[in-house]
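*Asks:* Mind looking over this structure? Questions follow.
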Amino acid sequence: MTLGATLRRACRLPPHVLARKVAGRLQRRFDDWRARRRDQYISTYRPLSAGYEEELPCYFRLPDLALLRRDAELILTLAERFCEHRFDLLGSGWVRVAHGMECRGVEGFHYSAGTTVQADPEGNWLAGRVNAANVPEARRIWRFVDSGYVPIDWQLDFKSGWRWSEAVWYRDIRYGDRPGADVKVPWELARMQHLPTLALAHALTAGPQADRYAREFRNQVLDFLAANPPRFGVNWHCTMDVAIRVCNWLVAYDLFRADRAVFDRAFCSLFHRAVHEHALHIAHNLEWNAELRGNHYLANLVGLIFAAGYLPRSPQTDTWLALGVRELINETQLQFDEDGANFEVSCSYHRLSAEMVAYATALVLGLPTDKQQALGEYDHRRFLSPPALPPAPLPLYPVPGGDRVSPFPPWYFERLGRMARFTAHITRPDGRVPQFGDNDNGRFLKLQPVYRPDLSEDGLDHAGLVAAIAGLFDCAPAGAEPNLSWWEGQVLRDVAKISGIVMAGISTANVAICGGVELCSYPRFGLFIYRTPRIYLAVRCGPVGQNGHGGHAHNDQLSIELAVDGLPLVIDPGTYLYTPLPTWRNRFRATAMHNTLAFPGREQNPWPDGPDGLFRLADRARAVVLCCEPGRFVGEHYGFGLPCRRTLHIDRACVRGIDECACDGPREVWFHLAPGVVAERDGAAVRLTAGQVCVRLEGGTGRWEIEESACSPGYGVRRPCAALRLCSTARRIEWRFLLVGRR
């Protein structure tokens, strides 16, 4: 936030509130100064003790090998690349990540990645990199790494080449101040979501090859522990990533042990300690805020639940578990509407948050008796930071359809089922979801990897979420048809140790059918899906999300996505980047990058200047739905001052639109085409062809322009595509997509 904005906000506060906030900030700065000095001179690794020798429990089991073998070629191919330290993350392409590597750069911005490393068996190479107080323990950890292993550079943005330092205290890490440098790249790698794939490859092989995957898992974890002491370096800065990392470690560790992999006692002790260190870090760095909480805080809670669920019972872990479970219930109610849609109004963030809720729910349901007793015996006084934890016990409720009890109230399971139904309803016929809102490829667990034939990650295939949640129920939620080769559901059911939660009464909600047109409505998210035998049409009209903060929303009011005969024609162009290049960030969330009415040089909703504006979007548009019924939609927003109205008529062979706005001046109706869609002039119209599909796009008023544009099917990826704009000065513009048959 800029100084001027901070002062304006401060002036609006009552004096006593302002004084409290200033005092709180000064106290936090003093606490940071004291903690920073302590960590600089005292090792931040926990002392090894006999407690870390205890074996951790096992919750996750391997899926049926018959299902696993269906994806054997993909799993083994990926595992080989991960063993070679080759990763494809956030648009990087497959690259081998190592110290001193040459990086390709981002949009012309390129940095030197530093020098290569000669990793000696004694760990002397860590001196001068890790802060001095942590060097002795870092070297001791490194000595357990196999000879010949080449370390990964965990601090490197291996797209731009910018490198953070592992010797910098975690709260002193800065990012967003170097053009092209993306902190999300090292964060994404350090989530270590590739490790479960190594465990699956272990199950598909035998002998030395299987042992190679187990050794690689062991070496990568030790490599990270030695080169990333607690509270130092970029990978301890964001608590969300700390939480996701420890969950992936634990799940991979379980899957290896489920296939009878054996790890040495020294590694198991270090691993146990690292889980405890991660849990401590999460508990002391919760991303909680009284005004706004989102997927980051949700990830913190899930990380606490996983860590406390695995660690031995103690007054500390009991409190973590109780806090995590109680707040998981509260945040599920806050962050997911009654119809199951996530409050951040992003299709991709819905998947991330729903995955976290589903896996944490399964783990809590599967806790052994002694761990469940912790929810009734914890000492709430051991956690003094906000949010407040009430005294024990947490209330218990019957599990629907079973003879067990759990801390989850009945509405919780209904909402969980509706999360899956939302994703099933919005999924296009090609199996992908629309890209309304931000898409940063965020996942909790990549238990079954989703890759296209060219081995690029498919961030728009969300079937795994539907399958995972369906596994907790006796049958898939309405609209959910997961492929049997998806085994997340089987895994989650095994973790939860249930025969299936009985769920009823939600199958027809949000759905209406009339005249051969089906309508699925999610008004609180602001998403409406129309289907006919040949047409899929998604319409966006609703709030900016996050209780008005709009952190992951775009200026996409009244925008559409259109698919015909299963092929996407008109798409939302996506997100591309966040902090590395604010210009690109703002370009991709601008009104003209969406399939709606735009006025040159004007935006539906403003965003503040400066870094804080990258995740802010004021809801000036105040979009409202005037009519929503099968075959007809009418929506309106006020982003340009006067009402802008879009009317859509949908039938079996046509989508007709009318855009009306009394504002003066030239205007444009934009349509961004999917890659591969060919646009050709056809008299006063435009002919669109894709595969065997042929559609005629007509405009009653104005002239058509065909332009080169760009789309981003996943974070960090930018691909060329065509865009159409219907230019006019009329206050009423008509257009229609007419299906003219198959070629």
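*Asks:* Filter region 141-156 down to the residues that are in contact with a Gly (Cβ under 9 Å, 6 or more places away or on another chain) and part of a loop (DSSP other than H, G, I, E, B), then identify the one that is most open to solvent (accessible area, probe 1.4 Å).
*Replies:* First pass over region 141-156, keeping only residues in contact with a Gly (Cβ under 9 Å, 6 or more places away or on another chain): 141-143, 145, 153-156.
When the remaining residues are screened for being part of a loop (DSSP other than H, G, I, E, B), the result is 143, 145, 153-155.
Details: Arg143: 108, Val145: 16, Asp153: 1, Trp154: 5, Gln155: 2 Å².
Among those residues, the one meeting the criterion is Arg143.
*Asks:* Would you check if Arg129 is within 25 Å of the chain's Cα centre (by Cα) and open to solvent by 10 Å² or more (accessible area, probe 1.4 Å)? Let's see the steps before the verdict.
*Replies:* On the way: within 25 Å of the chain's Cα centre (by Cα): no; open to solvent by 10 Å² or more (accessible area, probe 1.4 Å): yes.
In short, no.
*Asks:* Select from region 66-89 the residues that are more than 17 Å from Gln209 (Cα to Cα) and either open to solvent by 10 Å² or more (accessible area, probe 1.4 Å) or free of Cβ contacts under 8 Å to residues at least 60 places away in the same chain (or both) and list them in ascending order.
*Replies:* Scanning region 66-89 gives Ala66, Leu67, Arg70, Asp71, Arg86, Asp88, Leu89.
*Asks:* Right, here's the next one. Looking only at residues that are assigned to a helix (DSSP H, G or I) and acidic (Asp, Glu) in region 71-103, which one is modelled with the highest pLDDT? Walk me through it before giving the result.
*Replies:* Let us first name the residues in region 71-103 that are assigned to a helix (DSSP H, G or I), namely 72-83.
Next cut, acidic (Asp, Glu) only: 73, 80.
Details: Glu73: 95, Glu80: 98.
In this case the residue turns out to be Glu80.
*Asks:* Just name the residue that is nearest to Gly442 (Cα to Cα) out of those in region 722-737 that are open to solvent by 20 Å² or more (accessible area, probe 1.4 Å) and hydrophobic (A, V, I, L, M, F, W, C).
*Replies:* Step one: list which residues in region 722-737 are open to solvent by 20 Å² or more (accessible area, probe 1.4 Å), which gives 722, 725, 729-732, 734, 736.
Now restrict to residues that are hydrophobic (A, V, I, L, M, F, W, C): 722, 730.
Working: Ala722: 27, Ala730: 42 Å.
Among residues in region 722-737 that are open to solvent by 20 Å² or more (accessible area, probe 1.4 Å) and hydrophobic (A, V, I, L, M, F, W, C), the one nearest to Gly442 (Cα to Cα) is Ala722.
*Asks:* Now, a different point. Checking Val183 against (1) crowded, with 24+ Cβ neighbours inside 10 Å; (2) of a type in the set (A, V, I, L, M, F, W, C); (3) under 26 Å from Asp440 (Cα atoms); (4) in contact (Cβ under 8 Å) with a residue 60 or more places away in the chain, which single condition isn't satisfied?
*Replies:* Failed condition: (1).
*Asks:* Taking Ala199 as the residue in question, decide whether it is closer than 30 Å to Pro63 by Cβ, touching a Leu at 6+ places or on another chain (Cβ under 9 Å) and either hydroxyl-bearing (Ser, Thr, Tyr) or part of a helix (DSSP H, G or I) (or both).
*Replies:* Details: closer than 30 Å to Pro63 by Cβ: yes; touching a Leu at 6+ places or on another chain (Cβ under 9 Å): yes; either hydroxyl-bearing (Ser, Thr, Tyr) or part of a helix (DSSP H, G or I) (or both): yes.
Considered against the rule, which asks whether it is closer than 30 Å to Pro63 by Cβ, touching a Leu at 6+ places or on another chain (Cβ under 9 Å) and either hydroxyl-bearing (Ser, Thr, Tyr) or part of a helix (DSSP H, G or I) (or both), Ala199 comes out as yes.
*Asks:* Something else: So Thr369 ticks every box in (1) in contact (Cβ under 8 Å) with a residue 24 or more places away in the chain; (2) under 23 Å from Leu250 (Cα atoms) but one. Which box is left unticked?
*Replies:* (1)
*Asks:* Also: From the list Arg742, Arg687, which residue is at pLDDT 95 or above and either of a type in the set (A, V, I, L, M, F, W, C) or at negative phi (or both)?
*Replies:* Details: Arg742 fails: at pLDDT 95 or above.
None of the other options fit; the residue is Arg687.
*Asks:* Kindly indicate which of Leu455, Leu445, Leu389 is in contact with a Pro (Cβ under 8 Å, 6 or more places away or on another chain), open to solvent by less than 40 Å² (accessible area, probe 1.4 Å) and assigned to a loop (DSSP other than H, G, I, E, B). Before the answer, list the steps.
*Replies:* Numbers: Leu455 fails: in contact with a Pro (Cβ under 8 Å, 6 or more places away or on another chain); Leu389 fails: in contact with a Pro (Cβ under 8 Å, 6 or more places away or on another chain).
Answer to the check: Leu445.
*Asks:* Output the number of residues of region 397-420 satisfying the condition of being part of a helix (DSSP H, G or I) and within 15 Å of Ser499 (Cβ to Cβ). Spell out how you get there, then give the answer.
*Replies:* Here is the first cut: in region 397-420, the ones part of a helix (DSSP H, G or I) are 410-420.
Then drop every residue that is not within 15 Å of Ser499 (Cβ to Cβ), which leaves 413.
Qualifying residue count for the region: 1.
*Asks:* Moving on to the next point. Only one of these conditions is not met by Ser456: (1) at pLDDT below 95; (2) of a type in the set (Ser, Thr, Tyr); (3) touching a His at 6+ places or on another chain (Cβ under 7 Å). Which number is it?
*Replies:* Only one criterion in (1) at pLDDT below 95; (2) of a type in the set (Ser, Thr, Tyr); (3) touching a His at 6+ places or on another chain (Cβ under 7 Å) is unmet by Ser456, namely (3).
*Asks:* Mind checking which residues of region 710-735 are farther than 27 Å from Arg534 by Cα and of a type in the set (S, T, N, Q)?
*Replies:* Once the filter is applied, which keeps residues that are farther than 27 Å from Arg534 by Cα and of a type in the set (S, T, N, Q), region 710-735 yields Ser728, Thr729.
Results for (1) farther than 29 Å from Tyr576 by Cβ; (2) in contact with a Gly (Cβ under 6 Å, 6 or more places away or on another chain), shown as yes or no for each residue.
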site	(1), (2)
Pro666	no, no
Gly691	no, no
Arg696	yes, no
Leu724	no, no
Glu734	yes, yes
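*Asks:* Would you confirm whether or not region 39-55 contains a residue that is touching a Cys at 6+ places or on another chain (Cβ under 8 Å), of a type in the set (Asp, Glu) and within 30 Å of Glu488 (Cα to Cα)?
*Replies:* Yes, region 39-55 contains at least one residue that is touching a Cys at 6+ places or on another chain (Cβ under 8 Å), of a type in the set (Asp, Glu) and within 30 Å of Glu488 (Cα to Cα).
*Asks:* Quickly run through region 632-664 and pick out the residues that are of a type outside the set (A, V, I, L, M), within 23 Å of Ile571 (Cβ to Cβ) and outside any strand (DSSP E or B).
*Replies:* Once the filter is applied, which keeps residues that are of a type outside the set (A, V, I, L, M), within 23 Å of Ile571 (Cβ to Cβ) and outside any strand (DSSP E or B), region 632-664 yields Asp651, Arg652.
*Asks:* Condition first: more than 33 Å from the chain's Cα centre (by Cα), of a type outside the set (Gly, Ala, Ser) and either open to solvent by 30 Å² or more (accessible area, probe 1.4 Å) or under 26 Å from Asp438 (Cβ atoms) (or both). Now tell me which residues in region 679-716 satisfy that.
*Replies:* Across region 679-716, the qualifying residues are Glu680, Arg681, Asp682, Arg687, Gln692, Arg696, Glu698, Thr701, Arg703, Glu705, Ile706.
*Asks:* Which pairs do you get when a residue that is at negative phi, found in region 325-337, comes within reach of a residue that is of a type in the set (Ser, Thr, Tyr), reach meaning Cβ atoms under 7 angstrom, with the pair 6+ apart or on two chains?
*Replies:* Every condition considered, the pairs that remain are Ile329/Tyr412; Glu331/Tyr297; Thr332/Tyr412; Gln335/Ser353.
*Asks:* Which of (1) open to solvent by less than 10 Å² (accessible area, probe 1.4 Å); (2) touching a strand residue (DSSP E or B) at 6+ places or on another chain (Cβ under 9 Å) is the odd one out, the single condition Met192 does not satisfy?
*Replies:* (2)
*Asks:* Tally the residues that are part of a loop (DSSP other than H, G, I, E, B) and either of a type in the set (Ser, Thr, Tyr) or closer than 16 Å to Phe82 by Cβ (or both), restricting the search to region 157-196.
*Replies:* Looking only at that region, the number is 8.
*Asks:* Return the residues of region 108-118 that are modelled with pLDDT of 95 or more and either within 14 Å of Asp153 (Cβ to Cβ) or among the hydrophobic types (A, V, I, L, M, F, W, C) (or both); say none if nothing qualifies.
*Replies:* Phe109, Tyr111
*Asks:* Would you check if Leu250 is open to solvent by 10 Å² or more (accessible area, probe 1.4 Å) and closer than 20 Å to Gly442 by Cα? Let's see the steps before the verdict.
*Replies:* Working: open to solvent by 10 Å² or more (accessible area, probe 1.4 Å): no; closer than 20 Å to Gly442 by Cα: yes.
Against the criterion (open to solvent by 10 Å² or more (accessible area, probe 1.4 Å) and closer than 20 Å to Gly442 by Cα), Leu250 does not qualify.
*Asks:* In region 37-53, how many are out of contact with any helix residue (DSSP H, G or I) (no Cβ under 7 Å at 6 or more places or on another chain) and either open to solvent by less than 80 Å² (accessible area, probe 1.4 Å) or in contact (Cβ under 8 Å) with a residue 12 or more places away in the chain (or both)?
*Replies:* Step one: of region 37-53, the residues out of contact with any helix residue (DSSP H, G or I) (no Cβ under 7 Å at 6 or more places or on another chain) are 37-39, 47, 49-51.
Still in the list and also either open to solvent by less than 80 Å² (accessible area, probe 1.4 Å) or in contact (Cβ under 8 Å) with a residue 12 or more places away in the chain (or both): 39, 49, 51.
Residues flagged as out of contact with any helix residue (DSSP H, G or I) (no Cβ under 7 Å at 6 or more places or on another chain) and either open to solvent by less than 80 Å² (accessible area, probe 1.4 Å) or in contact (Cβ under 8 Å) with a residue 12 or more places away in the chain (or both) within region 37-53 amount to 3.
*Asks:* Something else about it: Within the set of pairs 6+ apart or on separate chains, which have a first residue in region 412-438 that is without any contact (Cβ under 8 Å) to a residue 60 or more places away in the chain, a second that is part of a loop (DSSP other than H, G, I, E, B), and C-beta atoms under 6 Å apart?
*Replies:* Qualifying pairs under 6 Å: Ala424/Gly479; Ala424/Ala480; Thr427/Val433; Gly431/Asp461.
*Asks:* Filter region 28-70 for residues that are modelled with pLDDT of 95 or more and of a type in the set (Ser, Thr, Tyr) and give the result.
*Replies:* Once the filter is applied, which keeps residues that are modelled with pLDDT of 95 or more and of a type in the set (Ser, Thr, Tyr), region 28-70 yields Tyr41, Ser43, Thr44, Tyr45, Tyr59.
*Asks:* Looking for something open to solvent by 10 Å² or more (accessible area, probe 1.4 Å), aromatic (Phe, Trp, Tyr), more than 18 Å from Arg645 (Cβ to Cβ) and touching a helix residue (DSSP H, G or I) at 6+ places or on another chain (Cβ under 9 Å) - is there at least one such residue anywhere in region 583-597?
*Replies:* no
The values are calculated or read from the model by the stated rules, or taken from the named source; none is laboratory data. Predicted model, so just to flag it, every value in this text is computed and none were measured. Backbone-built Cβ (ideal geometry, glycine too); neighbour counts: all protein chains shown. Accessible surface is based on the protein model in full, side chains and every heavy atom, while ligands, DNA and RNA are left aside. Shrake-Rupley method; radii C 1.70, N 1.55, O 1.52, S 1.80 Å.
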